[in-house]
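Okay, structure first, notes after.
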Amino acid sequence: MEPVELTEQETAIYDRQIRVWGVDAQRRLSKAHVFVSGLKGTAVEFCKNIVLAGVGSLTLNDDRMVIDELLSANFLIPPDENVFIGKSVAELCCDSLKEFNPMVHVSVQKGYLSSFDTDFFDKFDVVVISHCSLSTKKSVNAKCRKLSKHISFYTVDVRDSCGEIFVDLQNYTYSKKQSEEMTECQINYPSFEEAINVPWADLPKRTSKLYFAMRVIERFEEREGHEPGKTFNAADLLTVQKLRKELCDAQGLNESQIPDNLLRRLLKGTEEFPPVCAIIGGILGQEVIKAISGKGDPVKNFFFFDAMDGKGIIEDISGVKTSTGDLPSQNIEIL
């Protein structure tokens, strides 16, 4: 099959980024179809970035009606109340994103994310889900993996000033420059369920505290039937602390690895800091562009950011130990 050439208009509009990542990468972007569910602050930052980059199409899924708390970190929703009467979050974001880049086809898919069957995801190259329950993350990831088509899968969450990205590129082949030559590399990714089932005792002592804290919050929301990302009351912290002890005892982890002040911050679920959303949304956009283009080292398989120290941390949590016996991690300073 002959590659689809960029039109003169596309070449002119995307000239600057073609100079950065090449015409082949831009060609792949222009043919890629992306699905995003859960349009909170970080997801809309990602959508803006991927639309400006010139992705082929973007499908949005979020049937919530607009309330005041959604306006704090979602710049795609116009502040005029008369505009969003009777419209869902996805519909309003769709209208705004079309103005960012008319060359990208932006549409809305209504319905509950958990209700979409496996065949639904076959039409996409990238699936991004935000602020979903533990069971939904596992289910959607499993559906993407059942398909013969390769789908890049991501989950993203920002709570208070902390953020997490999970990446599953399955069996992924990409190219990178080494000693002035392009080398082909391959990485095998675990599913979300496989990753979080890695025993905590097998993880290095310096594993990000955010990783453990997010797993506790996920379990708490699932067990209590809470909607992900909702603000809880003071009594909920006691329940979370009991669950932390239960999980740490079972996993052989010291409770000091999941401090109370971090749990308190994560329990402020509806609060998103726009600067943190911009950082996480930017990182996610870069990772998706890497996955589509097949160029550059991708994150494997978790990325964490905490505005309290301004550092991004990449954690490889896949159950595969290095020669030193530890699972590798990497710190990145966000300037």
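The values are calculated or read from the model by the stated rules, or taken from the named source; none is laboratory data. Please read these numbers as outputs of a predicted model, since none were measured by experiment. Cβ: placed from backbone, ideal geometry, glycine included. Neighbour counts: every protein chain shown. Side chains included, ligands, DNA and RNA excluded: accessible areas come from the protein's heavy atoms. Shrake-Rupley method; radii C 1.70, N 1.55, O 1.52, S 1.80 Å.
Pair-distance distribution P(r) for the stretch 173-315, from all Cα-Cα distances in 5 Å bins starting at 0: 2, 8, 16, 18, 18, 16, 10, 6, 4, 2, 1, 0 percent.
Ranked by the mean number of other Cβ atoms within 10 Å of their residues, highest first, the peptides 310-317, 163-170, 123-130 fall in the order 163-170, 123-130, 310-317. As a rough guide to protection, the peptides 108-118, 292-302, 33-43 ranked by mean Cβ packing within 10 Å, highest first, stand as 33-43, 292-302, 108-118. The shape of the stretch 196-268 can be summarised by an equivalent ellipsoid whose semi-axes, obtained from the alpha carbon gyration tensor, come to 20, 12, 11 Å from longest to shortest.
Ranked highest first by average number of other Cβ atoms within 10 Å, how do 247-259, 52-64 line up?
On the way: 247-259: 14.5, 52-64: 20.5.
By packing density, highest mean first, the sequence is 52-64, 247-259.
With θ taken as phi - 60° and the Karplus curve 6.51 cos²θ - 1.76 cosθ + 1.60 applied, the whole-hertz 3J(HN,Hα) list for the stretch 22-36 is x, 5, 5, 5, 5, 5, 5, 4, 5, 9, 7, 10, 10, 10, 10 Hz, x standing for glycine and proline.
If you take every DSSP beta bridge fully contained in the chain, what fraction is antiparallel? Give it as a percent rounded to 5. Counting only bridges with both partners in the chain, antiparallel ones make up about 60 percent. For the stretch 190-196, in order, what is each residue's ³J(HN,Hα) by Karplus, 6.51 cos²θ - 1.76 cosθ + 1.60 with θ = phi - 60°, in whole Hz (x at glycine and Pro)? So the Karplus estimates, Gly and Pro as x, are x, 6, 4, 5, 5, 5, 6 Hz. Note: the stretch 116-202, Cα convex hull, 152 Å³ per residue. Dividing the helix sum by the residues of the chain, where each DSSP H run of 4 or more adds -39500 (n - 2.57), gives a mean residue ellipticity at 222 nm of -11500 deg cm²/dmol.
Take the alpha carbon gyration tensor of the stretch 178-222, find the square roots of its eigenvalues, order them as a ≥ b ≥ c, and report rounded if a/c is under 1.5; if not, report prolate when a/b exceeds b/c, else oblate.
Numbers: a/c = 2.99, a/b = 2.28, b/c = 1.32.
Judged from the Cα gyration tensor, the stretch 178-222 comes out prolate (a/c at least 1.5, a/b above b/c).
Amide H to amide H distances under 5 Å link Q170 with Y189, where only residues 5 or more positions off or on other chains count and H is placed in the peptide plane. Taking amide H atoms as placed 1.01 Å from N in the peptide plane, the amide H of F273 lies under 5 Å from those of D160, each 5 or more residues away in sequence or on another chain.
Looking at the chain, the accessible area is 47 square angstrom per residue; that uses a 1.4 Å probe and ignores ligands, DNA and RNA. Along the stretch 239-252 the Karplus relation, 6.51 cos²θ - 1.76 cosθ + 1.60 evaluated at θ = phi - 60°, assigns HN-Hα couplings of 5, 5, 5, 5, 5, 4, 4, 4, 5, 5, 4, 5, 9, x Hz to successive residues, with x for each Gly and Pro.
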